Amino acid sequence: MADKTIPSNGTDPMDEALHRLSRKPGVKAWIMLDRSTGAVLKSNGQISSIRPAKSANSDTALPTPTGGSFSTDVTANTDNESQAAQELGSMVWGFMSTAGSLVQEIDTEDELKLLRLRTKKQELVIVPEPKYILVVVHDTPPA
Amino acid sequence: MDKQRRDEIQAKRAKLAELKRQRELRAKDTGRGSGSPSDLIAPTPGRDNRKDIESLISSLVGDSRPVSTGASSPVPKGSRPTSVLSGGELSAEASDLASQSQAPGQAAAAPSQPQVLTTVALQTVYECPPSPVKEVVTYSTAAQTTEDWAPPTSRGRAFSELPEEDDLPGVTSTPSKRQSRRERDREEELRQKIRDEIEEELLEARERLQGGPLSGGAVNTSNFPARALTDEELNAVTASDEFFDFVERSTKVIERALDQEYDVLTDYTLQIQSLEDDEEQTGNTAGKGRRRVKEVVQFYDERWSKKRMVSSIDFSPKFPELLLASYTKNPSAPHDPDGIVQVWNSHLHDRPEFLFHAQSDILTAKFSPFHPNLIIGGTYSGQVLLWDTRAKSAPVQKTPLTGTGHSHPVYSVDIVGTQNANNIISVSTDGQLCVWSVDMLSQPQEQLTLTNPHPSKFDDVAPTTMAFPAADPTYFLVGSEEGPIYPCHRYDRAGAKAGIDTRVAYKGHAAPVMSVAFHPPRGPVDLGDLVLSSSLDWSVKLWKVRAPAATSTVVESAGTSIHPLLDLVREDVVYDAAWSPVRPGVFALVDGAGSLEIWDISVETEIPIAKISPTARKEGRQLLSKSLNKVVWEASEGKRLATGGIDSTVSVFEVGPDLGGKDGVRAEEWTSVKKLVARLEAAGAGAAAGATA
């Protein structure tokens with residue numbers, strides 16, 4: 001709450017931080033997850049371009065409350081985007097749990113702090129905090 | 001009596017037999033459960049033996065003592081718990097919990113056979129009296145711990161674990177700390193599981209109500225309890241302070257990660273061409289080869305830097321990648337704090353690492369050299385402020401505005417002393433000098449008024465800048481608005497009272513002095529008496545100051561004025577000049593035209609070695625926006641320097657190996673500077689002699 005005492009200039013410091021994150025060169029998308037349940041809290045960017053939603057039909061789709069659950073930046077194709085975010089989120093969550101258990105196995109006193117998953121095409125930076133998880137997908141400089 | 005004892009022994013034997021039977025049962029059970037009976041059984045006999053011994057002791061020694069069940073256990077007093085009874089209790093508890101979680105049907109079947117057996121084992125532990133010696137109950141019943149940790153595969157399983165869970169805190173009468181924490185964690189985890197399950201069920205119920213015959217297996221089988229939150233839940237989460245903190249912290253980490261320019265996966269065998277390109281001068285550079293100056297990074301924050309002037313810069317002495325910049329007010333944002341300090345990180349380009357603010361323009365700010373978390377600052381209102389990077393953005397301490405202290409702008413603050421005894425020293429433009437304790441800013445520890453030794457129009461001296469030599473925290477120089485530089489003493493000494501030394505003045509500047517800097521004294525030759533001053537009279541001057549003690553031995557008429565050794569006339573007002581922390585002859589200056597100049601007097605005393613201007617911001621103001629206020633070297637390596645000015649941008653430059661860095665320093669540089677000083681002194685003395693003759 002470092003900045004709560006500062007009068008803001010009309011912009012919420014949290015939104016500001018998130019916008020800056022989105023604007024960073026190379027950043028393709030980000031998702032915020034709840035650590036315990038894996039529920040998607042906020043997301044931004046073209047997640048479906050990273051990994052298109054596998055199950056587009058609404059039968060197997062997870063129940064999504066109507067409207068406004070995702071950050072306003074996602075306007076077009078909300079359903080598909082949120083679906084993709086859900087799926088990517090679930091994959092990351094699974095990966096996180098596995099990595100976390102690996103760390104626990106090595107040393108029970110230890111704790112997972114940061115995950116950078118570099119692939120040929122992109123990089124996933126995962127910041128696990130006690131209650132939430134931030135996942136950023138960004139382009140890596142051409143190697 | 002005898003009979004009683006015999007009876008007791010009889011009962012004892014029966015009990016032993018029963019214990020033995022239980023043990024066998026359990027051994028069989030664990031053997032079946034985990035498949036590795038040998039190492040699992042091993043610890044149990046020890047415990048049973050101990051228990052036997054203890055109960056034997058209790059039966060022999062203290063017959064009046066109540067059976068331990070009453071002592072500290074949750075089991076009802078007087079009733080020796082049998083397996084049936086405890087099982088009943090447990091299942092009752094289980095059904096309570098189960099009804100809470102809307103699954104009453106499963107509760108009855110919950111405590112499965114092996115579970116009951118393990119709880120029996122637990123109950124018997126109660127029976128031993130609390131031993132006089134503090135014993136650590138280690139959980140050797142592996143049947144409980146090993147299996148618990150596996151994630152629940154079915155709902156019934158999770159519930160059947162619960163009764164045990166409730167018992168555990170009572171059982172471990174002297175649990176080690178770690179154990180209890182683990183238990184708490186486990187408990188928490190279980191609760192979370194139940195919560196998740198309830199949520200899942202609610203969700204299913206809702207779906208059923210909505211009419212969609214959903215294939216529930218899809219959700220349940222997946223280990224990932226994915227479900228979208230409702231608007232309300234989302235808002236609740238995202239509006240929480242905790243979430244805000246999370247966003248702050250995690251985005252900072254991400255930005256640092258993304259700003260890391262070096263690619264760890266670079267394959268140099270593939271990159272030969274582009275590496276050669278890199279050798280060419282790209283970006284904003286000046287100078288050639290080993291005397292190159294290159295702009296490395298610029299710091300500007302749209303929200304906080306905008307329309308503010310940089311009033312001071314300082315590198316962190318502890319973390320060379322951090323530097324602070326203090327700013328004056330933004331005239332178009334009256335609701336924002338007037339003064340701010342931003343701590344920038346060279347690995348985080350777009351936002352400051354920390355932001356601090358004050359109610360008045362901050363004119364100067366500095367990291368404490370003795371405590372990496374503390375930042376001190378002086379404001380236009382006359383306050384001295386102390387911020388802590390571990391605290392919030394408001395100052396943790398500030399000096400009073402009225403009463404004792406300063407009532408005029410504070411343009412110069414410093415921390416002098418040693419690690420264990422240091423003080424904040426501040427000087428305001430009315431000539432007040434205050435010494436503060438870092439721990440208490442409510443009242444100055446010392447106060448001194450600097451007055452003009454030769455009053456002409458005013459008694460006051462208006463100090464604009466102050467500099468302490470590295471060796472002596474009681475002696476310092478102040479640069480004044482009138483032009484002269486005065487030596488001052490904090491305390492009375494032989495031949496001089498506290499305050500401005502009336503015998504000597506360094507006269508040469510014809511306009512306010514903007515900076516005074518002592519030569520940093522690390523090297524084979526002592527050049528600590530060299531002082532560099534800059535002034536609005538378009539010049540930088542080099543002085544050789546008298547040692548504070550020497551002035552008392554030489555009989556001199558009051559008011560001797562000393563002339564500069566070297567006078568470097570520049571093309572604009574000079575706002576700041578700073579010695580390189582590692583090179584004896586190198587210094588940097590910034591001027592009103594917006595140039596940064598690097599000089600090396602051991603090489604050249606007429607023209608600068610390199611001259612560079614920071615890249616202007618595109619949307620920046622065009623007119624009068626280039627002027628630079630401050631220049632600071634990074635002290636530990638001496639390779640980087642930072643400048644800032646009206647443009648509100650802080651620019652960091654890196655100099656080549658001949659201008660900075662510790663590696664290439666040669667002893668000749670020191671001697672050549674020493675020789676130059678001697679030569680200049682001789683020339684000055686000759687000129688003075690010529691003038692008197």
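Where a number appears in this text, it was derived from the coordinates with a stated rule and is not lab data. The structure displayed is predicted, hence computed values, not measured ones. Virtual Cβ from ideal backbone geometry, glycine too; neighbours counted across all protein chains shown.
Counting, for every residue in A:19-27, the Cβ atoms of other protein chains within 10 Å of its Cβ and taking the mean gives 3. Ordered by the number of other Cβ atoms lying within 10 Å of each residue's own Cβ, fewest first, A:M32, B:M309, B:M440 fall into the sequence B:M440, B:M309, A:M32. Applying 1/(1 + (r/R0)^6) with R0 = 22 Å to the Cβ-Cβ distance of B:A391 and B:E302 gives a FRET efficiency near 0.30. Taking label points 7 Å from Cα along the Cα-to-Cβ direction, B:S437 and B:A236 give a separation of 5.0 nm. Computed from the C-beta positions of A:K113 and B:D529 and an R0 of 60 Å, the FRET efficiency is 0.75 to the nearest 0.05. When each of the peptides B:299-306, B:193-200, B:349-356 is scored by the mean number of other C-beta atoms lying within 10 Å of its residues, the order from highest to lowest reads B:349-356, B:299-306, B:193-200. Estimate the FRET efficiency between A:K131 and B:A510 by the formula 1/(1 + (r/R0)^6), using the beta-carbon distance for r and 51 Å for R0, to the nearest 0.05. It comes to 0.20.
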